[in-house]
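Q: Please read through the structure below; I'll follow up with questions.
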Amino acid sequence: MKLIVTTGVKTTPAIIADAQDLATALTADFIARDHMSLENLRLKNQIDHILVVTKTQLKLIMPTGTYFFHIGMAKLRIQNLRIGKTDHMINAMQLTSGDVVLDCTLGLGTDAIVASYVLGSSGRVIGVESSPIVTELVCRGLVAYDPEDPEMALAMLRIEVVCAEHMDYLQRLPDKSVDIVYFDPMFRRPVQESSGIAPLRLLANPSPVTKDAIDEAKRVARKRVVFKEAAKSREFLRLGFQNCCGGTYSSVMFGYIETKEGE
């Protein structure tokens, strides 16, 4: 995908340097804004994808829309947990104090934020994302976004983000080196109510999770491998998930495989 990097109309030397460094990291061209509108910048450079760097935000302009980091449903899910409501992902993970969670399909980071909040400072969440652009958006967003909730802000800061293909990353890990390995191939299926992620579908890795990746996850996980998919999806059977949990009327389910010794 051809991409240019620019700044907001109001900028500073530090922001320009940041944008130039980002362009180099993404092997993209940096184009000075020079007070041009984004539309004129797009037409002049015959480009459809523009990353805009500002002091507080990174925005991706695409033909399908504009994307910037947001916390999605994480805030509501955390509020529900605080009043004792059930979160099906947390139930499927069976998290305990000190656990290490490896999220192999970080995407927007919503699930990672909820897991990090539940684990608190005693736990650890590692998020693996294959798209360098999404990685940059999420890395910056986790630091800069203000959820107006101190505990949630700390949960966001605790997430470790890695740009890699999840299979490559799993193969480099020692046996039983994390507690939970989690997959949510969310970009593979369109969800009408999730319009906030629509602009990023062109950046997503369309490849399905492989059985080999699940086997590596089973090797790496001390406790469980958890897989999120549409309810009644054939992916659970294909990948060997015989146990599932979730809401009775939920559109998604969580399959899990126990990896503890003797199970």
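Q: Do any residues in segment 43-54 that are within 11 Å of ARG33 (Cβ to Cβ) and in contact (Cβ under 8 Å) with a residue 24 or more places away in the chain have Cβ atoms under 6 Å from those of residues that are hydrophobic (A, V, I, L, M, F, W, C) and part of a strand (DSSP E or B), where the two are at least six apart or on different chains, and which pairs are they?
A: Taking only residues 6 or more apart or on different chains, the pairs are ILE50/ILE4; ILE50/ILE61.
Q: Something else now. Among the residues of segment 76-83, are any of a type in the set (A, V, I, L, M), more than 30 Å from ALA230 (Cα to Cα) and surrounded by fewer than 22 Cβ atoms within 10 Å (Cβ to Cβ)?
A: As a first pass, look at segment 76-83 and keep what is of a type in the set (A, V, I, L, M): 76, 78, 81, 83.
Then drop every residue that is not more than 30 Å from ALA230 (Cα to Cα), which leaves none.
Scanning segment 76-83, I find no residue that is of a type in the set (A, V, I, L, M), more than 30 Å from ALA230 (Cα to Cα) and surrounded by fewer than 22 Cβ atoms within 10 Å (Cβ to Cβ), so the answer is no.
Q: Please work out if GLN242 is assigned by TED's automatic domain parsing to the domain that holds PRO132, at pLDDT below 95 and polar (S, T, N, Q).
A: Values: assigned by TED's automatic domain parsing to the domain that holds PRO132: yes; at pLDDT below 95: yes; polar (S, T, N, Q): yes.
Criteria met by GLN242.
Q: Determine whether GLU216 is in contact with a Leu (Cβ under 6 Å, 6 or more places away or on another chain) and at pLDDT 95 or above.
A: Values: in contact with a Leu (Cβ under 6 Å, 6 or more places away or on another chain): yes; at pLDDT 95 or above: yes.
When the stated conditions are applied, GLU216 passes them.
Q: Looking at segment 234-250 only, could you name the residues that are of a type in the set (S, T, N, Q), assigned to a loop (DSSP other than H, G, I, E, B) and under 20 Å from ASP87 (Cα atoms)?
A: Within segment 234-250, the subset of a type in the set (S, T, N, Q) is 242-243, 248, 250.
Checking which are assigned to a loop (DSSP other than H, G, I, E, B) leaves us with 242, 248, 250.
Within segment 234-250, THR248, SER250 qualify.
Q: Given the conditions (1) surrounded by fewer than 18 Cβ atoms within 10 Å (Cβ to Cβ); (2) closer than 27 Å to ASP111 by Cβ; (3) at pLDDT 90 or above, and given that THR66 satisfies all but one, which numbered condition is not satisfied?
A: Against the list (1) surrounded by fewer than 18 Cβ atoms within 10 Å (Cβ to Cβ); (2) closer than 27 Å to ASP111 by Cβ; (3) at pLDDT 90 or above, THR66 comes up short only on (3).
Q: How many residues, within segment 169-186, are more than 20 Å from THR110 (Cβ to Cβ) and assigned to a loop (DSSP other than H, G, I, E, B)?
A: The total comes to 5.
Q: Please name all residue pairs, on different chains or six or more residues apart, with Cβ atoms under 9 Å, provided the first residue is in segment 147-176 and is assigned by TED's automatic domain parsing to the domain that holds ILE78 and the second residue is charged (D, E, K, R) and surrounded by fewer than 14 Cβ atoms within 10 Å (Cβ to Cβ).
A: ALA153/ASP146; ALA164/ARG172; MET167/ASP212
Q: Take residues that are under 19 Å from LEU137 (Cα atoms) and aromatic (Phe, Trp, Tyr) and tell me which of the strands (runs of 3 or more DSSP E) falling wholly in segment 53-104 contain 1 or more. Spell out the reasoning first.
A: On the way: elements: 58-62, 65-68, 100-103.
Correct list: 65-68.
The values are calculated or read from the model by the stated rules, or taken from the named source; none is laboratory data. All figures in this text were calculated on a predicted structure; none of them were measured in a lab. All Cβ positions, glycine included, derive from the backbone under ideal geometry; neighbour counts span all protein chains shown.
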